[in-house]
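> Take a look at the following structure, please.
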Amino acid sequence: MKIDRLLRITFYLLNHGKTSSAMLADYFEVSQRTIMRDMDALCLAGIPVCSTTGVDGGYEIMEHFKMQSQVAGQLDYNYVICALQGLASAYENKEIQATLEKIKSLNDGKNQTMIFDLSVAHENRNTNEMLYVLNQCINDKQVIQFIYTNAIDETKEVVVEPISTIYKWYNWYLIGYSRRHQEYRLYKVVRMNQLSALAHEKVKAHDLNKVQEIMQNAEENRKIIRIVMKCNKILHAKCREYFKATILEVKENGDFVCEALVPEEEIFWYGILLSFKDKVQVLEPPELIKRIKEDCNNILKVYED
């Protein structure tokens, strides 16, 4: 277990740079005294760990040090192949396929028990073409402009310094720096039109750690609502699958009451809820009940004639 932890600490320091003993102790669930002993063991093994004191102090591995590829085992390569295959299924790119072939050549291909299929993200050809152009602009550090329609149907032309593309919440997004608002923002790719690169504009240097910060802030800023539903027993599996629902009560006939936490502004879960038809009755919150009634009445009016 100690050898395994030492390897994990080495990889962590290589990937994250200077890290305090307190953070390492918390991450690896050991005491700070154990971390100090581990650092001594790494130094004895020839890994150049250096330490600094003070407020910004911590442990780090000297820049010239590189791990040999032999430290990765078959299971490690299986995980990497699984992730690359998932990315290849979501985004058509020859470079991804080439990387996948390289990694496969290092592994015997046996015992790959996990399959990561994101082909649902690859179904929209226009989005896939947009992703190709976006990633080219990111690699070439080109500023882009496009027409964007936001969540409340406002359409504007925006100028953005593109940083990264990400698949999250069932959609592809661009993470970019808005020159107008002077802040990092998320843009849903499917809402983008008339994308073009500004030939004489270049992207300034951006901290890639901002990507993680943006996603964390986006998660925290999403308004989550709690819904309580009375469901027919035939919906038991679907409620667990689509809503990650928690069962609150089970009736004698198998019907049940459950609760789920959903992002208010997303429409995916709302469409699923309506697809349950008369097999579900929302009990809470009252705002959602009102929304369902109004939407159903408006649908009925469309078909009155």
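The values are calculated or read from the model by the stated rules, or taken from the named source; none is laboratory data. These numbers come from a predicted model, not from an experiment. Cβ: placed from backbone, ideal geometry, glycine included. Neighbour counts: every protein chain shown. Just so you know, the surface numbers come from the protein's heavy atoms only, side chains and all, with ligands and any DNA or RNA stripped out. Shrake-Rupley method; radii C 1.70, N 1.55, O 1.52, S 1.80 Å.
> From largest accessible area down, sort Phe65, Phe276; use a 1.4 Å probe on the protein chains.
Order by accessible area, largest first: Phe65, Phe276.
> Could you point to the residue in Gln182, Phe276, Cys43 farthest towards the positive end of the chain's charge dipole, with +1 and -1 charges on the Cβ of Lys/Arg and Asp/Glu respectively?
Towards the positive end, the residue furthest out is Cys43.
> Still on this structure: Order of 57-63, 277-283 by packing, highest average Cβ count within 10 Å first? Don't jump to the answer; show the numbers that get you there.
Values: 57-63: 15.7, 277-283: 13.7.
Highest-to-lowest ranking by the protection proxy: 57-63, 277-283.
> Still on this structure, I have one more. Rounded, prolate or oblate: which fits segment 159-244 when a ≥ b ≥ c are the square roots of the eigenvalues of the alpha-carbon gyration tensor, with rounded for a/c under 1.5 and prolate only if a/b beats b/c?
Here segment 159-244 falls in the prolate category.
> Could you provide, to the nearest whole Å², the per residue accessible area of segment 1-103 with probe 1.4 Å?
Each residue of segment 1-103 exposes 66 Å² on average to a 1.4 Å probe.
> Still on this structure: Calculate what fraction, in whole %, of the accessible area of segment 124-264 sits on carbon and sulfur atoms when a 1.4 Å probe is rolled over the protein chains.
That fraction is 45 percent.
> Stretched out fully, how many nm does the piece from Tyr303 to Arg291 gain, at 0.36 nm a residue minus the Cα gap? Don't skip to the answer; put the middle values down first.
Values: separation 12, 0.36 × 12 = 4.32 nm, distance 1.90 nm.
Gain in length upon complete extension: 2.4 nm.
> On a 29 Å Cα-Cα criterion, which of the cross-link pairs Lys188/Lys233; Lys168/Lys244; Lys168/Lys204; Lys141/Lys168; Lys244/Lys277; Lys244/Lys301 come out too long?
Numbers: Lys188/Lys233 36 Å; Lys168/Lys244 17 Å; Lys168/Lys204 26 Å; Lys141/Lys168 23 Å; Lys244/Lys277 19 Å; Lys244/Lys301 33 Å.
Check vs 29 Å cut-off fails for Lys188/Lys233; Lys244/Lys301.
> Here's a follow-up. Taking 0.36 nm per intervening residue step and subtracting the Cα-Cα distance, what contour gain separates Lys156 from Asp278 on full extension? Walk me through the numbers on the way to the answer.
Numbers: separation 122, 0.36 × 122 = 43.92 nm, distance 4.00 nm.
Fully extending the segment from Lys156 to Asp278 adds 39.9 nm.
> Would you mind telling me which residue in Met114, Met215, Met130 has the biggest mean-square fluctuation in a Gaussian network model of the chain, where springs connect alpha carbons within a distance under 10 angstrom?
Met114
> For the chain, just say rounded, prolate or oblate: build the C-alpha gyration tensor, square-root its eigenvalues into a ≥ b ≥ c, call rounded for a/c under 1.5, and beyond that prolate if a/b exceeds b/c, oblate if not.
prolate
> Here is a follow-up. For Phe268 and Lys244, compute 0.36 nm times the residue count separating them, minus their Cα-Cα distance, and round to one decimal in nm.
7.3 nm
> Something else about it: With a 1.4 Å probe and every protein chain left in place, tell me how much accessible area Asp40 has, in Å² to the nearest 10.
100 Å²
> Could you derive backbone 3J(HN,Hα) for segment 230-239 from the dihedral phi with the Karplus parameters 6.51, -1.76 and 1.60 (θ = phi - 60°), listing whole Hz in sequence and x where the residue is Gly or Pro?
Result, ordered by residue: 9, 10, 5, 4, 6, 8, 4, 5, 5, 5 Hz.
> For the chain, with a Gaussian network of springs between Cα atoms less than 10 Å apart, report the residue from Ile234, Ile144, Ile35 with the top mean-square fluctuation.
Ile35
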